[in-house]
Amino acid sequence: MNKGNFPLGKFQTLDTPFYFYDIELLRETLRTVIQETSARGYEVHYALKANANPRVLKEISSLGFGADCVSGNEILCALDNGFPSSKIVFAGVGKTDKEIQVGLDNDIFCFNVESLPEMEAIDELAAKSGKIAQIAIRINPNVDANTHKYITTGLEENKFGLNESDLPEVISLIQKSKTLRLIGMHFHIGSQITDLTSYKNLCIKVREIKKWFIDKGVSFEVINVGGGLGIDYDYPNDHSIANFEEYFQLFENNLELDEGQTLHFELGRSIVGQCGTLVSRIVYIKEGRTKKFMILDAGMTELLRPALYGAFHKIENITSNGKPCKYDVVGPICESSDTFGEDIFINESKRGDVIAIRSAGAYGEAMSSKYNCRNLPESFFSDTI
Ligand code: LLP
């Protein structure tokens, strides 16, 4: 069986459940992204929503990445953990006045604006604060990401971004405003995208919209194509680093940049997904009438993805070399959806065994909750454990 390289002796001394981060893998992933982007002159803003663990953030900021934030608190968290305000972008359909003010007060690089009323709100608040606000308009490209419905964002039926029919109004608002500086256009079509033709379709749309603006005499310094690159949940050891070369090459091949234009990305999952593991213990093995339940001390409170999206995470018993048996792996929470997998083959297991739930670095710890009055999970790191 293909298992991750875990410090099992140490794990056995720790209370479960907890998150374990492989810092060497994170660094290698970051180095790969840098290698693929620096020569091309691309800028990457790490999407904090995927994982805002301070140690993880410091690793990422220390290598010069920017930050993609979706709340006022995420902006403050990015700043606290070493991201410079000059590299912070701020997206979100419901930015409150207070959150916009956080962005203005900290002179962030850019607001990714998602509606005309939001543009007006930023304009008003910037004027009151005596600030110039740099904005990029988030355009809903109506491109299908071919991913899970809940993490598709670039279709007309989704709440995100402006529609193309709003664009003439954007231009007239900009012409009237003394405080808004339109520097770019922004897109994000969804998450866990494994079919890269979706990105090709996005590039076609970006070229079209770019041309529409050029015809109106408007040019941009920033083209931000968002994030969404998927990871391999089935084979985390074989593909511990996403195929960044293919991904960035696709943009190089399909999106010609004008003089002075920079291509920006907002990657979350593909940066942190594979370096995180949720470590848990078996509380009980319960023989049902037709099923065998493996009941863990981790549940949807620590890792919500399976319950919310039916997402698959590879589950390994790292203390057993027994023959594979079929289990339903469940958590302790009082919800039937608190299930990590049904009819999964795992080495024969017993109460007290240590279980690794893989590829949990993105949208794992970040989405954990205190439901059932549970404690939020602790985290440990490969270089300090
Ligand atoms: N930029 C924007 C505007 C976004 O909305 C997102 C993710 C990203 C960038 C980063 O996308 P990534 O590279 O991580 O795919 N909780 C879900 C994923 C939600 C993604 C939301 N937006 C999950 O666990 O699959």
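Some notes on this structure:
- Per-residue ³J(HN,Hα) for region 268-278, Karplus 6.51 cos²θ - 1.76 cosθ + 1.60, θ = phi - 60°, Hz, x for Gly and Pro: x, 3, 5, 8, 10, x, 7, 7, x, 10, 8
- Residue-by-residue Karplus 3J(HN,Hα) for region 44-51, coefficients 6.51, -1.76, 1.60, Hz, glycine and proline x: 10, 9, 6, 7, 4, 4, 5, 6
- If you wrap the Cα atoms of region 195-278 in a convex hull and average its projected area over all directions, you get 6.3 nm².
- Region 27-41 and region 119-146 have Cα centres spaced 29 Å apart.
- 222 nm mean residue ellipticity, helices alone, for the chain (DSSP H n ≥ 4; -39,500 (n - 2.57); rounded to 500): -8500 deg cm²/dmol
- Taken along its principal axes, the alpha carbon cloud of region 130-268 reaches lengths of 54, 33, 31 Å, longest axis first.
- Rough spin-label spacing in nm, given labels placed 7 Å along Cα→Cβ, for Lys98 and Glu245: 4.8
- Here is the P(r) of region 1-112: all C-alpha pair distances, binned every 5 Å from 0, give 2, 11, 20, 17, 16, 12, 10, 6, 4, 1, 0 in whole percents.
- Accessible area per residue, Å², the chain with all protein chains present, probe 1.4 Å: 43
- Subset of Lys159/Lys370; Lys149/Lys323; Lys159/Lys210; Lys10/Lys292; Lys95/Lys178 violating a 31 Å alpha-carbon distance limit: Lys149/Lys323
- Highest-MSF residue in the chain out of Lys200, Lys292, Lys370 [GNM, Cα springs under 10 Å]: Lys370
- Computed FRET value (nearest 0.05) for Ser38 with Leu196, which takes r as the C-beta separation and R₀ as 25 Å: 0.70
- Per principal axis, descending, Cα span of the chain in whole Å: 69, 41, 39
- Each residue, Glu259 and Ser172, gets one label point 7 Å from its Cα in the Cβ direction; the gap between the two is 3.3 nm.
- Nearest-0.05 FRET efficiency for Glu221 and Asn163, computed from C-beta distance (R0 25 Å): 0.60
- Share of carbon and sulfur in the accessible heavy-atom surface of region 23-273 [1.4 Å probe, %]: 47
- Stretching Asn106 away from Leu76 to a fully extended chain increases their span by 9.9 nm, per 0.36 nm per residue minus the current alpha-carbon distance.
- Length gained when the stretch Asn237-Lys350 is fully extended (0.36 nm per residue, less Cα-Cα span): 38.2 nm
- Per-pair calculated FRET efficiency, R0 = 22 Å: Ser86 and Arg55 via Cβ, rounded to 0.05: 0.40
- Axis of helix 23-38 versus longest Cα principal axis of the chain: the two differ by about 30°, to the nearest ten degrees.
- Shown in residue order for region 191-202 are the 3J(HN,Hα) couplings computed by the Karplus curve 6.51 cos²θ - 1.76 cosθ + 1.60 at θ = phi - 60°: 10, 6, 8, 10, 9, 5, 5, 4, 6, 4, 5, 4 Hz (x for Gly and Pro).
- Of Glu114, Glu208, the order by accessible heavy-atom surface (1.4 Å probe, DNA, RNA and ligands excluded), from most exposed downward, is Glu208, Glu114.
- Between Glu335 and Glu124, full extension at 0.36 nm per residue minus the direct alpha carbon distance yields a gain of 71.4 nm.
The values are calculated or read from the model by the stated rules, or taken from the named source; none is laboratory data. All values reported here derive from a predicted model rather than from experimental measurement. Positions of Cβ are backbone-derived with ideal geometry, glycine not excepted, and every protein chain shown enters the neighbour counts. The accessibility values were calculated without ligands, DNA or RNA, using every heavy atom of the protein model including side chains. Shrake-Rupley method; radii C 1.70, N 1.55, O 1.52, S 1.80 Å.
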